[in-house]
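The values are calculated or read from the model by the stated rules, or taken from the named source; none is laboratory data. Keep in mind that what you see is a predicted model, and the values were worked out from it rather than measured. Backbone-built Cβ (ideal geometry, glycine too); neighbour counts: all protein chains shown.
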């Protein structure tokens, strides 16, 4: 018997393959993953919050619950959306199994097989994989330091009426670390309204801004039903709980409820009560400040080391938040071909090629600065810089 | 902009609608849900297991993990499969977000839009909804007290080469409570092999057998790649943790990994470690005996009260496990039309019609016996019996 047709397009992700190589070489200094630093997880506070839930409300925490999620947590998330300039209520929030599920549910809700998604170029590999899982194809839109270029976006909207969704990561994008300007956000919404498409705003990194002023979210510019905002506690609390959310017009949320029910009935009740308890009993902002302080220091250290160790031809920006620095090397470089030697020398990264699935661009690398300790960052960047210089 | 075509076929489930009416009438004696009794959740043992995990391994428990799931838990599940007569290893197990996700991932893996699933008739509403979510259609196969009738199954396999999956609940089926005979299980596998189709064996209730001998699972009869077994901790430990599993040929598991990754990256790490810790530190079998003792008593009480309170025309079996009794009333009865009056009198059930989406059979009801206390069972069945007699 044959598998579904979609299976032909699915293969193990490049990132997971690199991770396996790293796992086979313990001691590797890895700038490859997109993991938060586990030393920053609030383990003890989460233990206390969990203990309280399981002492006081075990019957509720271990029982079935609502498909859209635990109401007190949805209330807190609605309030958090205020920081993004969005006036949301409980009926605008659906809890998801991490923001990856927010992406896959959106594909189910909006796309028929063969329809299209417009993405930044490059874009997040996990999202591209999610779209493929639902037989949707994607087309990259030319993007620079401040977002998609409106002229190219408009040209592609015109050329592809079947491109129903526009997927963007406006804050500290994965993989580039770049942040959209307000002007570009406005242009994006204006085009989505004019051409009647829906924007998926992936804000997984939004709370990890350690420099500069917050820019209004794309959702805050939505005149009604043109933006679906996706958030997550994975980068700021714990990815192992798998608690993310969708914030959207109430009509959309009612539809998300139907697809969520078909996929996995409901989010985990206990995990939601754990996050809810943590938020009630702790100072979330103080926790965020701790994370941001560490990540800012590591970004600065990585950039300072790169300045010394990388060749002058390497181009990169200074991200104002998030977890990644994107490096463009001369066009002649093939960073995938270089990776085995890098791992042999004890340092790993993700070849930029992985984020350009439709093109043949081999000269970029994505460096993660959130996971490694300070001394490892210095050592790893120096090793990598030496290797790049040799290969130039 | 239009939603995906699949949305036309999705509507809120009948069960959820009945649940809302019940919620609006607190004090209702509800035989409607399919919930385990929360008083039987091992709250304190789960609290201790969780506390240990978050004290000893917070960095692992709150971090990202493997798409197929936490290896020590997969090992334990592989061992549990031995009870079902299946020799499984870690590579045969994928953890899912409850067994509902095992169903939806199976639809993604095997079915293109418009392809078919053969189901028992009646069958589990949540599965039917999951299939619809992936644009698959289903056809009921004539079923009796001991499973699908092989002649009708074969006729439908012949007539529908696009029916790639056969979905069955061989133990204490939802909604009928019925269990397949070994002979019927063998005939099912034989037909699946002969016509090259895949069986989805949903065993959510398998461990809740309180009477009679265990019958070998359908998976145990699989000569190779024709049965996907789906299990869950929802009925025997906690549905609020959302931990289920797939047990299948290693080739299938590698494909499930790809669709799981696209849907939500991975199962929740902490929830898996909680279940794993619970299984390590507690006597799971003793816990099962406690559950089964209570449910058996309630089944017996419900049947004894039905014998007195229901009219002689009502037909029902004695399930050997699970949570449900299925009642067939004379063909003239319309149990959906009767429901508002039942709720007015303080008792609720699910009209059988909900489990026959393709037909016009209005005369059955599903009664759940796992949730209500003994005195409520007696009171509720008496009220319902009186109402049915009035309506006859």
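Observations, loosely collected:
- Test: residue in segment B:89-104 that is without any contact (Cβ under 8 Å) to a residue 24 or more places away in the chain and at the interface with another protein chain (Cβ under 8 Å from one of its Cβ atoms): no
- Checked against the criterion of being within 19 Å of residue A:49 (Cβ to Cβ), at pLDDT 95 or above and outside any loop (DSSP other than H, G, I, E, B), the candidates A:200, A:237, A:270 yield just one match: A:270.
- Single residue of A:95, A:15 found to be assigned to a helix (DSSP H, G or I), touching a strand residue (DSSP E or B) at 6+ places or on another chain (Cβ under 7 Å) and under 22 Å from residue B:268 (Cα atoms): A:15
- Some residue of segment B:284-302 being away from chain A (no Cβ under 14 Å) and assigned to a loop (DSSP other than H, G, I, E, B): no
- Screening segment A:344-362 for residues that are surrounded by fewer than 20 Cβ atoms within 10 Å (Cβ to Cβ) and modelled with pLDDT of 95 or more and picking the one that is nearest to residue A:129 (Cα to Cα) gives A:346.
- Residue, farthest from the other protein chains (Cβ to nearest Cβ), within segment A:37-66, restricted to residues that are under 30 Å from residue A:339 (Cβ atoms) and part of a loop (DSSP other than H, G, I, E, B): A:37
- Looking only at segment A:363-375, residues that are surrounded by fewer than 19 Cβ atoms within 10 Å (Cβ to Cβ) and either in contact (Cβ under 8 Å) with a residue 60 or more places away in the chain or part of a helix (DSSP H, G or I) (or both) come to 2 in all.
- Restricting B:218, B:259 to residues that are under 19 Å from residue B:165 (Cα atoms) and away from every other protein chain (no Cβ under 14 Å) narrows the list to B:218.
- Checked against the criterion of being farther than 30 Å from residue A:188 by Cα, surrounded by 24 or more Cβ atoms within 10 Å (Cβ to Cβ) and touching a strand residue (DSSP E or B) at 6+ places or on another chain (Cβ under 7 Å), segment A:252-274 contains one or more residues that satisfy it.
- So residue A:5, is it surrounded by fewer than 17 Cβ atoms within 10 Å (Cβ to Cβ), at the interface with chain B (Cβ under 7 Å from one of its Cβ atoms) and touching a residue at least 24 places away in the same chain (Cβ under 8 Å): yes
- Residue in segment B:107-124 that is surrounded by the most Cβ atoms within 10 Å (Cβ to Cβ), counting only those that are closer than 28 Å to residue B:266 by Cβ and more than 10 Å from every other protein chain (Cβ to nearest Cβ): B:117
- Screening segment B:125-138 for residues that are within 16 Å of the chain's Cα centre (by Cα) and more than 7 Å from every other protein chain (Cβ to nearest Cβ) and picking the one that is surrounded by the fewest Cβ atoms within 10 Å (Cβ to Cβ) gives B:125.
- As for segment B:336-346, it holds no residue that is within 17 Å of residue B:173 (Cβ to Cβ), touching a helix residue (DSSP H, G or I) at 6+ places or on another chain (Cβ under 6 Å) and in a loop (DSSP other than H, G, I, E, B).
- Among the criteria (1) part of a loop (DSSP other than H, G, I, E, B); (2) surrounded by fewer than 18 Cβ atoms within 10 Å (Cβ to Cβ); (3) touching a residue at least 40 places away in the same chain (Cβ under 8 Å); (4) more than 12 Å from chain B (Cβ to nearest Cβ), the one residue A:86 does not fulfil is (2).
- Flag if residue B:34 is surrounded by 18 or more Cβ atoms within 10 Å (Cβ to Cβ), at the interface with chain A (Cβ under 10 Å from one of its Cβ atoms) and more than 29 Å from residue B:255 (Cβ to Cβ): yes
- Candidates B:254, B:260, B:292, B:296, filtered to the one that is modelled with pLDDT of 95 or more and more than 22 Å from the chain's Cα centre (by Cα): B:254
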